[in-house]
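Some notes on the structure that comes next.
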Amino acid sequence: MNPQLTLAPLLAVMSPEGLLGLKIIGIIGLVLLIPAGVLLYRNQDRLFGRSTDTPSETSGSLTYGLAQTWLVYVGLVHLALWLTFGL
């Protein structure tokens, strides 16, 4: 197989027009992630608080789930910032 054919999509993304497309994707990601973070912050007690369905949950497991969710959110924000600004 021709190695130049497999690198064609990568080279297209590295062109200035492709970088503009990545910046647009990053901006759209930020526009969607910022309100999602506000909703997550406002509703974190309801989403990750005590549940009557699972009374055996410990405070450690509740905190662990909350921390995992915030880490995923911060990772997505970092990815969107990197696509937008190259940070």
Answer with yes or no whether Arg46 is among the charged types (D, E, K, R) and modelled with pLDDT of 85 or more.
-> yes
What are the residue pairs meeting all of these: first residue in the range 70-87, first residue in contact (Cβ under 8 Å) with a residue 12 or more places away in the chain, second residue open to solvent by 90 Å² or more (accessible area, probe 1.4 Å) and part of a helix (DSSP H, G or I), Cβ atoms under 7 Å, and 6 or more apart or on different chains?
-> Leu83/Lys23; Leu83/Ile25; Thr84/Lys23
If we keep only residues of the range 45-70 that are closer than 23 Å to Leu33 by Cβ and β-branched (Val, Ile, Thr), then the residue most open to solvent (accessible area, probe 1.4 Å) is Thr63
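The values are calculated or read from the model by the stated rules, or taken from the named source; none is laboratory data. Quantities reported herein were computed from a predicted structural model and do not represent experimental measurements. Positions of Cβ are generated from backbone atoms using ideal geometry, with glycine treated the same way; all protein chains shown enter the neighbour counts. What goes into the accessible areas is simple: the full protein's heavy atoms, side chains included, and nothing from ligands, DNA or RNA. Shrake-Rupley method; radii C 1.70, N 1.55, O 1.52, S 1.80 Å.
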